[in-house]
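So the structure is just underneath, and the comments pick up after that.
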Amino acid sequence: MLIAHSIDDLRQALAPYRSPAFVPTMGNLHDGHIALVRQAKPLGDVTVASIFVNRLQFLPHEDFDSYPRTWDADCAQLRAAGCDVLFAPREGDLYPQPQTFKVHPDPALADMLEGHFRPGFFVGVSTVVMKLFACVLGQTGGTAVFGKKDYQQLMVIRHMVRQFALPIDVVAGETQRAADGLALSSRNGYLGAEERHEAVALSQALRQLAERWLHPSSDRAALEPQALDALRARGWLPDYLTLRRRADLLPATAADAAGTLVALGAARLGSTRLIDNLEF
Ligand code: PAF
């Protein structure tokens with residue numbers, strides 16, 4: 001696996017290829033990321049991953065400084081998964097000057113849910129992804145693979161690619177889960193043993209919410225408040241547990257058929273904020 005730290009080195013490494021398949025990450029890789037790399041492999045003539053902890057998408061009180069950086073283990077996993085090129089820019093390579101030009105996604109999509117609780121998050125994500133796309137896929141176009149675990153992020157990126165007519169196919173990867181159902185996430189590493197045991201309650205709450213929505217005798221208006229209360233009673237601090245339409249993430253209505261919806265949740269367990277979702 002070739003490792004490029006600068007944009008020039010990356011472009012040189014990619015010069016012989018016509019259709020890179022790209023998996024952007026912030027490192028601290030787990031089986032969810034590696035599944036995306038394996039999914040990317042047959043989709044291009046060279047498989048590229050990036051590791052860059054993007055300061056722009058963290059709020060001042062969030063975990064930018066403590067975000068786990070596990071370089072050696074990440075490289076070993078990428079090599080084993082058959083990644084050909086790793087782009088790991090230093091901050092000064094990607095942001096040589098303060099990034100004053102930014103991508104502002106449509107507030108109708110980006111200011112709800114994650115964007116509501118983490119204002120500016122999707123500006124930071126869209127800006128860095130646009131820049132990573134310019135570095136990795138800017139010469140040729142190609143494919144980019146994003147996990148469904150970050151459901152709203154995937155939608156924001158899809159809209160960005162469409163609206164800017166970028167020659168990039170955005171492909172979604174399924175969420176990978178631990179045996180008990182907890183969605184794999186870099187932030188799971190923050191959980192203590194008891195919290196790790198409890199953490200599965202988030203995916204269970206989403207499953208229950210979806211099942212109750214589909215049940216003909218449910219009082220649908222009461223489902224979200226009940227689900228929030230139930231999680232609070234277990235000691236969580238939920239930001240949202242909600243049923244949305246997959247197409248635009250607007251609230252589900254009685255007219256929406258099964259198979260077009262998604263239950264999304266974000267909640268804090270101790271000091272760890274977890275997110276998850278379930279299509280149904
Ligand atoms: O999902 C992530 O890890 C990040 O938001 C991304 C897409 C790599 C941008 O920093």
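The values are calculated or read from the model by the stated rules, or taken from the named source; none is laboratory data. The model shown is predicted, which means the values in this text are computed figures rather than measured ones. Here the Cβ positions follow ideal geometry from the backbone for every residue, glycine too, while neighbour counts run over all protein chains shown. Heavy atoms of the whole protein, side chains included, go into the accessibility calculation; ligands, DNA and RNA do not. Shrake-Rupley method; radii C 1.70, N 1.55, O 1.52, S 1.80 Å.
Across segment 219-231, not a single residue is classified as in contact with an Asp or Glu (Cβ under 6 Å, 6 or more places away or on another chain) and either on the phi > 0 side of the Ramachandran plot or not in a helix (DSSP H, G or I) (or both).
Contact map, segment 82-105: first residue part of a loop (DSSP other than H, G, I, E, B), second residue surrounded by 11 or more Cβ atoms within 10 Å (Cβ to Cβ) and polar (S, T, N, Q), Cβ cut-off under 6 Å, separation 6 or more or different chains; pairs are Cys83/Thr47; Asp84/Thr47; Lys102/Thr127; Val103/Ser126; Val103/Thr127; Pro105/Ser126. Screening Met112 against (1) within 16 Å of the ligand (Cβ to nearest atom); (2) open to solvent by less than 50 Å² (accessible area, probe 1.4 Å); (3) farther than 28 Å from Tyr17 by Cβ leaves a single unmet condition, (1).
Selection within segment 133-155: residues that are of a type outside the set (A, V, I, L, M) and under 10 Å from the mean Cα position of the chain (by Cα). The member of this set that is most open to solvent (accessible area, probe 1.4 Å) is Asp150. Hey, could you check segment 16-28 for residues that are more than 10 Å from the ligand (Cβ to nearest atom) and open to solvent by less than 40 Å² (accessible area, probe 1.4 Å) and say which is nearest to Lys149 (Cα to Cα)? By that ranking, first place goes to Phe22.
With respect to the conditions (1) within 13 Å of the ligand (Cβ to nearest atom); (2) under 30 Å from Leu241 (Cβ atoms), Ser50 lacks only one, and its number is (2). State yes or no: is Ala35 under 20 Å from Gly189 (Cβ atoms), more than 16 Å from the ligand (Cβ to nearest atom) and out of contact with any helix residue (DSSP H, G or I) (no Cβ under 7 Å at 6 or more places or on another chain)? For Ala35, the condition - under 20 Å from Gly189 (Cβ atoms), more than 16 Å from the ligand (Cβ to nearest atom) and out of contact with any helix residue (DSSP H, G or I) (no Cβ under 7 Å at 6 or more places or on another chain) - is not met. Restricting Leu209, Leu202, Leu228, Leu237 to those that are open to solvent by 70 Å² or more (accessible area, probe 1.4 Å), touching a strand residue (DSSP E or B) at 6+ places or on another chain (Cβ under 6 Å) and of a type in the set (A, V, I, L, M, F, W, C) reduces the list to Leu237.
Against the test of being away from the ligand (no atom under 11 Å from the Cβ) and in a helix (DSSP H, G or I), the options Gly189, Gly181 yield a single qualifying residue, Gly189. Count of segment 232-254 residues, restricted to those that are assigned to a loop (DSSP other than H, G, I, E, B), among the hydrophobic types (A, V, I, L, M, F, W, C) and within 30 Å of His159 (Cα to Cα), is 5. Applying the set (1) more than 16 Å from the chain's Cα centre (by Cα); (2) within 13 Å of the ligand (Cβ to nearest atom); (3) under 29 Å from Lys41 (Cβ atoms) to Met130 leaves exactly one unmet item: (1). Of the set (1) open to solvent by less than 70 Å² (accessible area, probe 1.4 Å); (2) more than 14 Å from Lys131 (Cα to Cα), all apply to Phe52 but (2).
Picking from residues in segment 260-280 that are assigned to a strand (DSSP E or B) and polar (S, T, N, Q), the one that is nearest to Tyr190 (Cα to Cα) is Thr272. Among residues of segment 122-137 that are without any contact (Cβ under 8 Å) to a residue 60 or more places away in the chain and closer than 12 Å to Pro89 by Cβ, those with a Cβ under 9 angstrom from a residue that is more than 9 Å from the ligand (Cβ to nearest atom) and open to solvent by less than 10 Å² (accessible area, probe 1.4 Å), sequence gap 6+ or separate chain, pair up as Lys131/Leu94. Open to solvent by 30 Å² or more (accessible area, probe 1.4 Å), of a type in the set (A, V, I, L, M) and either assigned to a loop (DSSP other than H, G, I, E, B) or at pLDDT 95 or above (or both), is that true of Ala257? So Ala257 passes the test.
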